[in-house]
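A short reminder: the numbers here are calculations on the coordinates, not readings from a lab. On a predicted model such as this, the values are computed, not experimentally measured, just so you know. So basically every Cβ, Gly included, is an ideal-geometry build from the backbone, and we count neighbours across all protein chains shown.
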Amino acid sequence: GTELSTPHAQIEPRNPDLEDPEGPLRFTEPISGYQERVYYHLMEPDAEGYVSVRLRNPSLNGGLTFTLEYRHDQLPHFTQWKMMGKRDYVCGLEPGNARVEGRAKEREAGRLVTLQPGETRTYQITFSVDLAR
């Protein structure tokens, strides 16, 4: 089956009351009645400051790997959205400058990043899809 590989030190479920038999890193066939899960990954960047995340399905077209790479100092938060429902089947891999709790909660937690008028920021994100044939 499909697996997610991340250089995480810790994975925190947004809703710890929802059990996930497969855990955050493995993906099942669609499940009727599945409730979405959201996970926050505390990532450990490599020596150059990059985080590399891979989603791999070895059985799709002989093997398919999606790789997402970004600078940890630019996007220190990583959110994984997992929805394995029969109708809605999706995985969101979301590096960001805050969590997805909403502006008020992020401000309260000290994670809300704002830009001043005229201020700009540059972010580096690279993604690739590799087919093993």
Count neighbours as other Cβ atoms within 10 Å of each site's Cβ, and list the trypsin sites (Lys or Arg not before Pro) in the range 39-100 that are DSSP loop with at most 12 such neighbours.
Lys86, Arg87
Taking only the alpha-carbon positions of the chain and ignoring solvent, what does the Debye formula give for the base-10 log of I(q)/I(0) at q = 0.09 Å⁻¹?
-0.31
Residue with peak Gaussian network fluctuation, the chain [Cα springs, cutoff 10 Å], from Leu18, Leu115, Leu64:
Leu115
Given Cα pairs under 8 Å that are at least 6 residues apart, what percent is the relative contact order of the chain?
26
With springs only between Cα atoms under 10 Å, which of Val90, Val113, Val100 fluctuates most in a Gaussian network model of the chain?
Val113
Could you line up Phe127, Phe78 from fewest to most neighbouring Cβ atoms inside 10 Å?
Phe127, Phe78
Within the set Pro13, Pro21, Pro76, GNM on the chain using Cα springs under 10 Å gives the largest fluctuation to Pro21
Given the rule -39500 (n - 2.57) for each run of at least 4 DSSP H residues, summed and divided by the residues of the chain, what is its mean residue ellipticity at 222 nm, to the nearest 500 deg cm²/dmol?
-1000 deg cm²/dmol
